[in-house]
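Reviewing the structure listed below.
The values are calculated or read from the model by the stated rules, or taken from the named source; none is laboratory data. None of the values given here were measured: they were computed from a predicted structure. We place every Cβ from the backbone using ideal geometry, glycine too, and count neighbours over all the protein chains shown. Quick note on the areas: whole protein, heavy atoms, side chains included, nothing else; ligands and nucleic acids left out. Shrake-Rupley method; radii C 1.70, N 1.55, O 1.52, S 1.80 Å.
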Amino acid sequence: MTEAIHAAETILRAACGDRVRTAFALAPLTTFRIGGPAALFLEPGSEDDLAAASAAIRATDVPHVVIGKGSNILVSDEGFPGLVLRLGRGFRWAARDGSRLTAGAAMPLPALAGIALHHGLSGLEFGVAIPGTVGGAVRMNAGAHDGEMARVVDRVDVYRLAEGRSEAIAGEAAGFAYRRSALPADAVVVGTVVALEPDRTEAIRSRMDEARAWRRRTQPIAEPNCGSVFTNPPGDHAARLIDAAGGKGLRVGGARVSAKHANFIVAEPGATAADVLALIEAVQGLVERASGVRVEPEVRLVGRFDRVHR
């Protein structure tokens with residue numbers, strides 16, 4: 001693996017120079033604020049940078065992962081033994097064409113919702129309560145307040161790392177489902193087009209204010225967390241099941257189930273990724289014993305983890 005990392009670094013440096021980083025701390029890039037470093041790290045600012053990353057990956061088979069604002073990931077305490085990509089400023093932009101907005105994947109979803117408000121376009125109000133990027137939101141079909149990306153995405157622009165080429169995918173072909181999409185595994189979302197509806201600015205702002213107030217009232221936004229930990233099972237809510245099983249306040253090491261929202265885990269000072277994973281598995285066991293329902297995590301694990309339970 002070390003040979004692959006060194007070979008990938010050589011290829012990347014030939015194209016991107018000292019923008020390629022080694023042993024790069026990932027914890028500050030995640031909302032949990034925990035986890036180890038990336039062996040290699042690059043913020044691609046253009047399609048040329050993605051082409052260089054593709055060349056390195058295809059030539060060396062180095063492990064790789066793409067992250068956004070880090071709001072739905074748990075990075076291993078050992079870090080990631082490969083290449084981590086996070087789209088840079090060149091992918092943070094937005095443009096309007098009538099009732100459609102086109103945006104780069106690094107654009108924060110709340111910021112895009114704000115642009116929609118400015119132009120009197122409705123459909124993205126739910127996005128102000130989701131602290132992620134447009135790319136991450138598309139990839140996982142993020143949603144809240146009865147809204148989700150699947151309802152507004154008209155086109156997804158991706159870069160295929162395994163093939164070294166760009167591709168445009170129609171929204172209806174993206175395979176959107178609850179908290180997931182069927183986009184190819186090697187497809188880096190680089191942009192999207194959303195189709196919105198004109199509405200009164202006052203009405204849009206009111207819905208956005210309500211979403212913000214709901215988030216402040218119900219979520220532990222002042223403490224490090226990754227957002228919702230578990231997907232909701234059909235016809236129920238993970239938070240209700242965890243609360244009913246007595247899971248609020250449950251802790252492992254420095255990781256604790258929030259007393260404010262049972263589907264949130266907060267990382268206290270000194271918490272490790274291993275603590276968080278052990279708590280996730282403890283909550284799964286607690287809920288399954290109490291209700292017979294197995295809640296499934298939506299948080300993505302990055303790096304190597306030793307599973308606590310089998």
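Structure summary
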{"read-out": "Odd one out for A150, checked against (1) within 21 Å of N232 (Cα to Cα); (2) open to solvent by 10 Å² or more (accessible area, probe 1.4 Å); (3) in contact with a helix residue (DSSP H, G or I) (Cβ under 7 Å, 6 or more places away or on another chain); (4) among the aliphatic types (A, V, I, L, M)", "value": "(3)"}
{"read-out": "Given (1) open to solvent by less than 30 Å² (accessible area, probe 1.4 Å); (2) in contact (Cβ under 8 Å) with a residue 60 or more places away in the chain; (3) in contact with a strand residue (DSSP E or B) (Cβ under 9 Å, 6 or more places away or on another chain); (4) within 25 Å of H64 (Cα to Cα), number of the condition V194 does not satisfy", "value": "(4)"}
{"read-out": "The lone exception for A113 - which of (1) buried (at least 19 other Cβ atoms within 10 Å of the Cβ); (2) touching a strand residue (DSSP E or B) at 6+ places or on another chain (Cβ under 9 Å); (3) at pLDDT 95 or above it fails", "value": "(2)"}
{"read-out": "Checking D97 against (1) open to solvent by 10 Å² or more (accessible area, probe 1.4 Å); (2) of a type outside the set (V, I, T); (3) touching a residue at least 12 places away in the same chain (Cβ under 8 Å), the condition it does not meet", "value": "(3)"}
{"read-out": "Complete set of residues in the stretch 164-191 that are of a type outside the set (A, V, I, L, M, F, W, C), under 17 Å from the mean Cα position of the chain (by Cα) and over 18 Å from G68 (Cα atoms)", "value": "Y178"}
{"read-out": "Number of positions in the stretch 250-264 that are in a loop (DSSP other than H, G, I, E, B) and open to solvent by 40 Å² or more (accessible area, probe 1.4 Å)", "value": "4"}
{"read-out": "Among the residues listed as V158, V189, the single one being assigned to a strand (DSSP E or B), touching a residue at least 60 places away in the same chain (Cβ under 8 Å) and buried (at least 20 other Cβ atoms within 10 Å of the Cβ)", "value": "V189"}
{"read-out": "Flag if A103 is assigned to a strand (DSSP E or B) and under 17 Å from the mean Cα position of the chain (by Cα)", "value": "yes"}
{"read-out": "Tally of residues being part of a helix (DSSP H, G or I) and open to solvent by 20 Å² or more (accessible area, probe 1.4 Å) across the stretch 28-70", "value": "9"}
{"read-out": "Qualifying residue in the stretch 147-163 (condition: under 13 Å from the mean Cα position of the chain (by Cα) and modelled with pLDDT under 95)", "value": "no"}
